[in-house]
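Reading through the structure tokens given below for one structure.
The values are calculated or read from the model by the stated rules, or taken from the named source; none is laboratory data. Source: prediction; values computed, not measured. Cβ coordinates were reconstructed from backbone atoms using ideal geometry, including for glycine residues, and neighbour counts include every protein chain displayed.
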Number of protein chains: 2
Amino acid sequence: MAGSAVTIRDVARLAGFSVASVSRVLNESGKVTDETRESVMKAVNALGYSPNIAARSLSTARSQAIGVVLPDMHGEFFSELVRGIDRAASESGYLLLLSNIHADPAMADHALAAMRGRVDGVIVMAPQLAETERERALPRGMPAVLINSPGNQGHHALRIDNAGGVKAMVGHLLDTGRRTIVHFGGARQNFDAFERQQAYREAMAELAPELPVRVLEGTFDEASGAALAQRLIDEGLPVDAILAGNDMMALGALFTLRNAGVSVPEQVAVAGFDDVPLARFLDLSTVSVDIVGLGTRAVELLLETMNAATQPPRTELSNTRLILRASTQKAT
Amino acid sequence: MAGSAVTIRDVARLAGFSVASVSRVLNESGKVTDETRESVMKAVNALGYSPNIAARSLSTARSQAIGVVLPDMHGEFFSELVRGIDRAASESGYLLLLSNIHADPAMADHALAAMRGRVDGVIVMAPQLAETERERALPRGMPAVLINSPGNQGHHALRIDNAGGVKAMVGHLLDTGRRTIVHFGGARQNFDAFERQQAYREAMAELAPELPVRVLEGTFDEASGAALAQRLIDEGLPVDAILAGNDMMALGALFTLRNAGVSVPEQVAVAGFDDVPLARFLDLSTVSVDIVGLGTRAVELLLETMNAATQPPRTELSNTRLILRASTQKAT
DNA sequence: TTGAAAGCGCTACCAC
DNA sequence: GTGGTAGCGCTTTCAA
């Protein structure tokens, strides 16, 4: 292993003390005289010693590391989530052991197993993994917190508040006088897409039961949003608002409408979900999710679990914020 | 430590074999009869056993993990780089130990020290850390590969080919008839900003020594690009091309010019560097860097170092690609 | 082919 | 306050 050359024994020998004392100095545990501390530290510096953490882990039965298992994601969401997790983890003295799992369940098994003994707990985001598969893959007794993953057997879980976000946006569209609001949904298998579609239906039913409900199903990408918008244009544009399941679809719709000479927001309002950086540039109204906060909170919950395993599992919703920009607001 | 309940000894007991045999089965080392293998595997499954990797690391002196030390970055660059590193690492059976270092050199020390004994090598991106500080923080004998970091004492290093990218773009601008090309530079302390500015001067000197050279210094963000563009407008726009040090500056310039009624690219061409996702949406010509490839390559070099420490250190440049879009091309 | 046992580097307990 | 040492869970000789 890298850097293993000098061990605690070398330090002890050079300092003229026992390994026990060296350990005490390094861990600030137990009593040592200033003299002892000084000789030990001198030896440490002279040798460029840093302790072997694997050995320490083995001895203390804790690794001071948190496992993070994420799907293969692109862009902002990934970096923000990792940033949040890292921030909270390093504040508490934990390092991150990262593993991307791709669609394959066998990889999840492998990734989780590989973490055994190197982490004190894991944060798992596996929207594509069935609950049973996930639980089988999770090593026995490994504290875990779930993010946007199906089921919640015995673990704390965190979810994006899709329902709250969508409902707020539907409310805004209604408040600004929209009457025929169509939803562009993502693929059915996608957990967030599913929840957002549900939320749209519920919000309409609750806030404006007399108004028509319509869902067009797409795939959460720009091209799909463009195609669906084109379909509406071909129909003679029988709508005055498009609530897309995510920003990329919304942007696709935005471009297509503008290219077709439809004025946004005058004729049609367009709204997204996620608040990707592009949204700000293109003046798209959307729902923003506090991703950094999601990561931070996941760490908090995990630490709580690790320190008191018998907490009843909770599911929390992460905050969501309505971001109103030009794409839904008539100029005043 | 998490999941430590069942050990190799429990498996051995249940299987009716020694721990040595269990180890052999699990590692596919040495000879075992099919019977033995079978009983062992049965016991493993029954107990839900997975080996404690910290113990294995200690015993084998290798951890099958790679340390990744990155600055606190936002967005696409971070996720793409980690994706590339993760992809290559997991293909070779390595896990990633991640640590964000912030500006503080003490944190770098801490992060690197914390990796000792848990990783077989590290990939370090520390553009803000002086070479001496970095080398002091790096535990003795730890194989390391540098990304976009100053100096290269004894380590393989990878850099973005800023010079090549800028030169190609300058060439393109000249080819399309631009004659007064001004460069919007980033902050002087920023390594990439510095290199790109240098490259601009060199490219101009080489390709068009008769043309004027002008650099306006900014800060690599949108507002800065906007401000510098405004300055040019106030001067009566004595340029026909803006080569920004990065995309965000270019976008700031783009908006400001358009709002001022300046037509891009007819009156002024605008080019960036990085190819952020926004660039495609806003039809900005730019230079794209293969970030995933950068990460992948870093892992390859690291594995090479770990397996044959006595290679002479090399510095490689990562490929760069000219992306030509509407912002620099006169419509034909 | 299998088992016993010696470490890997460290921490923590127990004596002094 | 300090040192000796047993173990943490695993791999890997060395004998049998």
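Would you confirm, using the coordinates I've provided, whether residue A:51 is touching a helix residue (DSSP H, G or I) at 6+ places or on another chain (Cβ under 9 Å), assigned to a loop (DSSP other than H, G, I, E, B) and closer than 26 Å to residue B:75 by Cβ? The answer is no for residue A:51.
Scanning the stretch A:52-72 for residues that are farther than 11 Å from residue B:118 by Cβ and either within 11 Å of DNA strand C (Cβ to nearest atom) or in contact with a Lys or Arg (Cβ under 9 Å, 6 or more places away or on another chain) (or both) yields A:58, A:59, A:60, A:61, A:62, A:67, A:72.
Taken over the stretch A:74-96, the criterion of being at the interface with chain B (Cβ under 8 Å from one of its Cβ atoms), touching a Leu at 6+ places or on another chain (Cβ under 8 Å) and not in a helix (DSSP H, G or I) is satisfied by A:95, A:96. Restricting the stretch A:73-95 to residues that are more than 15 Å from DNA strand C (Cβ to nearest atom) and among the small types (Gly, Ala, Ser), the residue that is surrounded by the most Cβ atoms within 10 Å (Cβ to Cβ) is A:89. Tell me, yes or no, whether the stretch A:194-207 has at least one residue that is closer than 30 Å to residue B:280 by Cα and not in a helix (DSSP H, G or I). No: zero hits.
Among the residues here, residue B:118 qualifies as touching a strand residue (DSSP E or B) at 6+ places or on another chain (Cβ under 9 Å) and within 16 Å of DNA strand D (Cβ to nearest atom).
When the stretch B:169-182 is limited to residues that are surrounded by fewer than 18 Cβ atoms within 10 Å (Cβ to Cβ) and either among the polar types (S, T, N, Q) or in a helix (DSSP H, G or I) (or both), the one that is nearest to the chain's Cα centre (by Cα) turns out to be B:171. Residue check: residue A:44 meets all listed conditions (1) surrounded by fewer than 22 Cβ atoms within 10 Å (Cβ to Cβ); (2) within 9 Å of chain B (Cβ to nearest Cβ); (3) assigned to a helix (DSSP H, G or I); (4) within 14 Å of DNA strand C (Cβ to nearest atom) but one, namely (2). The residues of the stretch A:10-38 that are more than 9 Å from DNA strand D (Cβ to nearest atom) and either assigned to a loop (DSSP other than H, G, I, E, B) or farther than 30 Å from residue B:304 by Cα (or both), listed by number, are A:11, A:13, A:14, A:26, A:27, A:28, A:29, A:38. Just so you know, in the stretch B:54-63 the residues that are assigned to a loop (DSSP other than H, G, I, E, B) and in contact (Cβ under 8 Å) with a residue 24 or more places away in the chain include one that is surrounded by the most Cβ atoms within 10 Å (Cβ to Cβ), and it is B:63. Scan the stretch A:39-55 for residues that are within 11 Å of DNA strand D (Cβ to nearest atom) and over 37 Å from the mean Cα position of the chain (by Cα) and the total you get is 2. For the stretch B:298-314, the criterion of a residue being within 25 Å of residue B:195 (Cβ to Cβ) and without any contact (Cβ under 8 Å) to a residue 40 or more places away in the chain is satisfied by at least one position.
Kindly indicate the residue of the stretch B:131-147 that is surrounded by fewer than 19 Cβ atoms within 10 Å (Cβ to Cβ) and touching a residue at least 24 places away in the same chain (Cβ under 8 Å) and also nearest to residue B:105 (Cα to Cα) among those meeting that condition. Show your work before the answer.
Start the filter on the stretch B:131-147 by keeping residues that are surrounded by fewer than 19 Cβ atoms within 10 Å (Cβ to Cβ), which leaves B:131-133, B:135-136, B:140-141.
After this cut, where a residue has to be touching a residue at least 24 places away in the same chain (Cβ under 8 Å) as well, the list is B:133, B:136.
Working: B:133: 7, B:136: 10 Å.
Once the filter is applied, the top-ranked residue is B:133.
Of the helices (runs of 4 or more DSSP H) lying entirely inside the stretch B:235-332, those containing at least 1 residues that are modelled with pLDDT of 95 or more and out of contact with any Cys (no Cβ under 7 Å at 6 or more places or on another chain) are B:247-259, B:291-307.
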